[in-house]
1. How long is region 74-167 along each principal axis, judged by its Cα atoms, biggest number first, in Å?
2. For region 298-384, which trypsin sites (Lys or Arg not before Pro) are both in a DSSP coil and crowded by at most 10 other Cβ atoms within 10 Å?
3. For the chain, what does the helix formula give at 222 nm: sum of -39500 (n - 2.57) over DSSP H segments with n ≥ 4, over the residue count, nearest 500 deg cm²/dmol?
4. Could you tell me which of 294, 62, 152 has its Cα farthest along the dipole of the chain towards the positive end, charges placed at Cβ (Lys, Arg +1; Asp, Glu -1), taken about the Cα centre?
5. Among the complete DSSP H segments of the chain, which ones combine at least 18 Å of alpha-carbon extent along their axis with a mean Kyte-Doolittle hydropathy of 0.0 or more?
6. From the Cα trace of region 342-404, what convex hull volume per residue do you get, rounded to a whole Å³?
7. For residue 73, list long-range residues whose amide hydrogen, built 1.01 Å from N in the peptide plane, is under 5 Å from its own amide hydrogen.
8. List, in order, the whole-Hz ³J(HN,Hα) value for each residue of region 143-157 obtained from phi through the Karplus relation with A = 6.51, B = -1.76, C = 1.60 and θ = phi - 60°; use x for Gly and Pro.
Amino acid sequence: MLALLAAAAFAAGLPDVDEPLRTGATAPDDTAVVVGLQDYVFLPDVPHAADDARAVEDFLVSTRGVPPAQVRRLTQAGKEQILAAVEAASHAKGTVWVYLAGHGVAAPSNGERLFLGDDARQDPAAFEARGIALSELEAVATAKGANVVLLVDACFNGQARDGSSVAEGTRFAVPVYASEVAEGSVLFAASGPDQLARPLDAAGHGAFTYALLGALRGWADGEIDGVVDGEVTAQEAEVYVQRALPALGIDDQRPELRGATGRVLSSGSLEPAPELEEVSVLPGRTQVVAMPGFDPDLVAAAAIYELQLPLQRGTFGYKDANKQKVKRDTLQKLIKSTKQGRKGLRQQAVGLVLTSVGWTTGMGFGMAALIAEDANYAIPAGGGVVVGIGGMVLLASGDAVARGSLDPR
C-alpha cells in the first residue's frame with residue numbers, strides 16, 4: 001500500500017525544496033562550506049549531489065540568512081581544497097556550517113568515517129590518503145572557537161547511493177560512529193553504520209537532503225511538542241526526517257544526530273508543513289506529546305522508534321506502556337539519547353576496564369606469591385583485588401545511572 005501511495009505522490013510531484021525560501025532571518029557571523037561531489041574521476045558518480053549542494057546553499061543564504069560571500073560551494077574538490085575551504089571558514093564568530101554530499105568509506109586502519117575527495121581511486125590503501133576524517137573536519141572548523149553544524153549525506157559502508165560498491169571486490173572496514181562531538185556543535189549524518197544514504201530520484205536529491213531541507217523550511221516546526229514557534233531545532237529536524245524517510249518509501253535508512261540537539265537551525269517566516277491528504281508520501285502530523293518528568297531527548301527518541309513511555313523492566317528485558325517488547329539495540333539507542341544515559345555508559349566502560357585489569361593483576365600476583373612463596377607479591381595482589389572490586393562497583397553504578405535515564409526524573 002505504501003508503495004502505491006508513494007507512486008501516486010511521485011506522479012503528482014513532491015513538495016518543492018528548491019525554491020529559495022526567504023524568512024527574513026539574518027546570520028551575519030555565520031560561514032559555510034557546501035560540498036556536493038557528483039562526478040568522481042575513478043569512483044561511481046553520486047546522483048544529485050551537485051543539486052543537493054546548490055539547494056543547501058540556497059537554504060543557508062535565503063532561509064538562514066548567511067551572507068552569500070561567506071558561503072563557499074564546491075562541486076569539484078579533492079582533500080586539500082575541502083580542508084582549505086573549511087579552514088578559511090573557521091574564523092566565523094557565529095556558526096560554521098559544513099555540508100557534505102558524496103562518497104564516504106570507513107578508514108581501513110581504524111574504521112573512522114572518511115569523506116572522499118573526487119580524485120580518490122578504487123584502492124582501499126589510498127582511501128586514508130585522499131579522504132578526510134569527519135573528526136578532522138570538525139577539529140579544523142572549531143579550531144578558532146566557533147561551533148560547527150556538520151551535515152553529511154554520505155554512507156560509510158563502502159557503497160554508493162544506488163547500492164553498488166565503491167570499489168568492486170573490496171572488503172570494507174566497519175565504520176565506527178563516535179557518540180560525542182564538540183560541545184555546542186552538531187553532527188547530523190544521513191544513515192547508520194551499515195546503511196545506505198539513498199537517492200530520492202523523484203525529488204532530484206539525496207533522500208536525507210530532501211527531507212532535511214523540508215524540515216529546515218519549517219516542516220519540522222513544532223514536531224516535538226506541537227508548538228509552532230517559528231524555529232526549527234536540530235532535534236525537531238531529526239524527528240521529522242526520521243519519520244519522513246519511511247513515508248517516502250525508504251525504511252532502511254535511519255539518520256543519526258549527535259551534539260547540541262537544542263540548537264536552532266532555522267527561524268523566521270517559515271513554511272508550514274504539507275498536509276498528509278495533499279501529499280501521501282509525507283508523514284502525518286502526529287505530534288510527540290511532551291511528557292512531564294521524562295527527559296525530552298528520551299521522549300523524542302521513543303517517538304522515533306514508535307514506543308510509548310514509560311518503559312517497564314521485566315525479567316526478560318523491557319516493554320513499553322503498550323506491552324511492546326523493546327529490542328536490545330533500540331534500548332541502547334534510547335539510553336544514548338540522553339546525557340545521563342551516555343554518562344552511565346561511560347562509567348560502565350571505565351568499570352569494565354578496571355575490573356578486568358584489577359582482577360587479572362590480583363590473580364597474577366597471587367599465583368606468583370603461592371609459587372614463589374614470597375610475601376612481597378601479596379601487596380600488588382591485594383592492590384589488584386581492590387582495583388577489581390572498585391571496577392565492579394563502578395560497573396554496577398554505571399548500569400544504574402544508564403538505566404535510570406529511562407525513568408521519570
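All of the numbers you see were taken from the coordinates with simple rules; none came from a lab. The shown structure was predicted, so the numbers you read here are calculated from the model rather than taken from an experiment. Ideal geometry is used to build each Cβ from the backbone, glycine not excepted, and the neighbour counts take in all protein chains shown.
1. On the principal axes, region 74-167 reaches 41, 24, 23 Å in Cα extent.
2. Answer by residue number: 323.
3. -11500 deg cm²/dmol
4. Checked the options; the winner is 294.
5. 339-372, 378-404
6. Numbers: hull volume 2.8 nm³, N = 63.
Hull volume over Cα atoms, normalised by residue count, gives 45 Å³.
7. So residue 73 has HN proximity to 34.
8. Once θ is set to phi - 60°, the couplings for region 143-157 become 4, 9, x, 7, 8, 10, 10, 10, 10, 10, 9, 7, 9, 10, 9 Hz.
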